[in-house]
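Colleague: Submitted below is the structure of interest, expressed as structure tokens.
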Amino acid sequence: MAPCCARTDDHTHDIRIRSTLDPRTRTPACLLDWGLAVQTLLTPDVVVTTARDLMNAATHAETDIAFLDWCRTTLKVDAQTAGHMLLDIRTARPTPTGKTALRIEAVAGIRTGNPLVHVGRGSMKAELTPDEARTMAVDWTKVAVAAQIDARLRYALGEWDRLTAADIEHLFTILQSVDR
């Protein structure tokens, strides 16, 4: 039920995700909305995998910045050499598996010294701080869990002969509007 939101640079196209049901299979699903360009139905597994990768990217961005700073201050290595060393380290990192909803990239801003997480899907792109990426990951995990719970609750309410399918959907519409 709970929508989450990550803002893009211009704040015009928020990334939103909420629990729902797949209308074809009536199984738990998560609806991703990102501006007018992206609206897609995701399985909770894909949402959890995306959350894992957001957490990893946040950590990698911060450790990459720390590594570059260490190279510069302790080893007295120039930025280009440190950058090549970082690329070698990145290729040695294990590659996460599983389908994700977003392109996710840890970024070490060599010029700014800031760790960032870039996310994208289709033509949409956004830049997050590591803390924003972590918050987004937690929110996405909550939505994936909520989708599973919501599906079970819909099923249980459907067994009660006093509520119609329309009543149950109306109840969920009300609950979702309260959570915003």
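Colleague: Mind counting the residues in the range 88-110 that are more than 16 Å from the chain's Cα centre (by Cα), among the polar types (S, T, N, Q) and closer than 21 Å to E127 by Cα?
Modeller: Of the residues in the range 88-110, 0 are more than 16 Å from the chain's Cα centre (by Cα), among the polar types (S, T, N, Q) and closer than 21 Å to E127 by Cα.
Listed here are the residues, each with its yes/no results for (1) modelled with pLDDT of 80 or more; (2) closer than 18 Å to A58 by Cβ; (3) not aliphatic (A, V, I, L, M).
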position	(1), (2), (3)
E127	yes, yes, yes
T135	yes, yes, yes
A147	yes, no, no
L153	yes, no, no
H170	yes, no, yes
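Colleague: For the range 66-83, which positions are modelled with pLDDT of 95 or more and among the charged types (D, E, K, R)?
Modeller: K76 - this is the single residue of the range 66-83 that is modelled with pLDDT of 95 or more and among the charged types (D, E, K, R).
Colleague: Pick from the range 149-179 the residues that are among the aromatic types (F, W, Y) and either assigned to a helix (DSSP H, G or I) or touching a His at 6+ places or on another chain (Cβ under 7 Å) (or both): which of them is nearest to D139 (Cα to Cα)?
Modeller: F172
Colleague: Something else now. Going through H118, H84 one at a time, which residue ends up being over 15 Å from T50 (Cα atoms) and either free of Cβ contacts under 8 Å to residues at least 24 places away in the same chain or small (G, A, S) (or both)?
Modeller: Matching residue, one of H118, H84: H84.
Colleague: Ok, one more. Would you say P96 is of a type outside the set (A, V, I, L, M, F, W, C), crowded, with 17+ Cβ neighbours inside 10 Å, over 17 Å from C30 (Cα atoms) and in contact with an Asp or Glu (Cβ under 6 Å, 6 or more places away or on another chain)?
Modeller: Here the answer is no, as P96 does not meet what is asked.
Colleague: From the list L157, L86, exactly one residue is surrounded by 13 or more Cβ atoms within 10 Å (Cβ to Cβ) and at pLDDT below 90. Which is it?
Modeller: Residue meeting the stated conditions: L157.
Colleague: Could you please tell me which pairs satisfy a Cβ distance under 6 Å, a separation of 6+ or placement on different chains, a first residue in the range 24-48 that is without any contact (Cβ under 8 Å) to a residue 24 or more places away in the chain, and a second residue that is loosely packed, with under 14 Cβ neighbours inside 10 Å?
Modeller: D33/Q39
Colleague: With the requirement that a residue be closer than 17 Å to A165 by Cβ, surrounded by 14 or more Cβ atoms within 10 Å (Cβ to Cβ) and of a type in the set (V, I, T), what does the range 20-46 give you?
Modeller: T20
Colleague: Checking the condition in a helix (DSSP H, G or I) and among the polar types (S, T, N, Q), which residue from T59, T40 passes?
Modeller: That would be T59, the only listed residue that is in a helix (DSSP H, G or I) and among the polar types (S, T, N, Q).
Colleague: Scan the range 41-63 and give yes if some residue there is modelled with pLDDT of 95 or more, more than 16 Å from T141 (Cα to Cα) and among the β-branched types (V, I, T), otherwise no.
Modeller: For the range 41-63, residues modelled with pLDDT of 95 or more, more than 16 Å from T141 (Cα to Cα) and among the β-branched types (V, I, T): present.
Colleague: Sticking with this structure for a sec: Scan the range 112-145 for residues that are crowded, with 17+ Cβ neighbours inside 10 Å, out of contact with any Asp or Glu (no Cβ under 9 Å at 6 or more places or on another chain) and part of a helix (DSSP H, G or I) and report the count.
Modeller: Residues that pass the stated criteria total 10.
The values are calculated or read from the model by the stated rules, or taken from the named source; none is laboratory data. Worth saying up front: this structure is predicted, and the values here are computed from it rather than measured. In this analysis, Cβ positions are derived from the backbone assuming ideal geometry, glycine residues included, and neighbour counts consider all displayed protein chains.
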